[in-house]
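Visitor: Quick one: structure below, then a few questions.
The values are calculated or read from the model by the stated rules, or taken from the named source; none is laboratory data. The shown structure was predicted, so the numbers you read here are calculated from the model rather than taken from an experiment. Glycine also receives a Cβ, built like all others from the backbone with ideal geometry; neighbour counts cover every protein chain displayed.
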Amino acid sequence: MATKSVLITAGPTWVAIDSVRVISNTATGETGLLLAEKFAQQGAKVTLMLGPVSNCCINKKIKVINFKFFDELRCKLIRELVSRNYDLVIHSAAVSDYKPRSICRTKISSRKKLLKLSMVPTEKIINHIKKMQPRAFLVGFKLEPGANKNRLLKEAKNLIKQAKADLVVANTIDNGKYKACLLGKGKLYGQALNKSALVKILTKVVSEKI
């Protein structure tokens, strides 16, 4: 990996509902951080796009680009893909699937008895990556809480087709237990029962592929 350039997205994204409040998710960015550290140890030039989580212990060799909001991630990712060629792109960020149809320019009053939000789907950022860098090896992530193995494999196949991904990590949390499947085009590369095991398998497969 010493001559390879790696781009990783990690962590949650925010969408605003008013001037001070946001909707987020519970992603920690742990998997992306572990992957960035592992590839940096292998000598790759790593750029980590990191959402609003702590990054105090990141290897100084890793270039960090921080973001908070969905639109911020989208713009910064496009800018990075336009300005630099990458051998590997790992899109592990937990991207917001919905955003409010409209955002209040001021703080919404806390005295309301009922607050209704009209939400619309966000665009799928991962669908743009191969269009911008067709030669990059693309790894996508798909989280389906409570899903069994068959469901995970089905979701992984759909994402491979949709985003033209080379590899997809379909993961789940079922009764507090983490499980993940690594699926390529027509091949199951392995399964993991924790994030450390996932990182070990994923880095090995990717290193062989690129």
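Visitor: Quick one: what pairs do we get from segment 141-163, first residue under 17 Å from Leu202 (Cα atoms) and touching a residue at least 40 places away in the same chain (Cβ under 8 Å), second of a type in the set (S, T, N, Q) and surrounded by 13 or more Cβ atoms within 10 Å (Cβ to Cβ), C-beta under 6 Å, 6+ apart or different chains?
Guide: Listed by first residue and then by second, the contacts come to Phe141/Ser92; Leu143/Asn171.
Visitor: Then there is this: Does any residue in segment 168-196 that is within 17 Å of Ala10 (Cα to Cα) come within less than 6 Å, Cβ to Cβ, of a residue that is outside any strand (DSSP E or B) and β-branched (Val, Ile, Thr) six or more places away or on a different chain, and which pairs are these?
Guide: Val168/Ile160; Lys195/Thr31
Visitor: For the structure I just gave you, tell me whether Pro121 is at pLDDT 95 or above and either surrounded by fewer than 14 Cβ atoms within 10 Å (Cβ to Cβ) or out of contact with any strand residue (DSSP E or B) (no Cβ under 6 Å at 6 or more places or on another chain) (or both).
Guide: Yes.
Visitor: Here is a follow-up. Could you list all residues from segment 1-42 that are assigned to a strand (DSSP E or B), among the small types (Gly, Ala, Ser) and within 16 Å of Ile125 (Cβ to Cβ)?
Guide: Ala10
Visitor: Please go through segment 145-177 and pick out each residue that is in a strand (DSSP E or B), surrounded by 15 or more Cβ atoms within 10 Å (Cβ to Cβ) and not hydrophobic (A, V, I, L, M, F, W, C).
Guide: Asn171, Thr172
Visitor: Can Ile173 be described as of a type in the set (Val, Ile, Thr) and closer than 21 Å to Val206 by Cβ?
Guide: Here the answer is no, as Ile173 does not meet what is asked.
Visitor: Next question. Evaluate the following for Lys45: is it more than 19 Å from Thr122 (Cβ to Cβ) and among the basic types (Lys, Arg)?
Guide: yes
Visitor: Another question about this same structure. Got a number for residues in segment 119-144 being touching an Asp or Glu at 6+ places or on another chain (Cβ under 8 Å) and part of a helix (DSSP H, G or I)?
Guide: Looking only at that region, the number is 0.
Visitor: Look at segment 69-106 and say how many of its residues are assigned to a loop (DSSP other than H, G, I, E, B), crowded, with 16+ Cβ neighbours inside 10 Å and either in contact with a strand residue (DSSP E or B) (Cβ under 7 Å, 6 or more places away or on another chain) or of a type in the set (Gly, Ala, Ser) (or both).
Guide: 5
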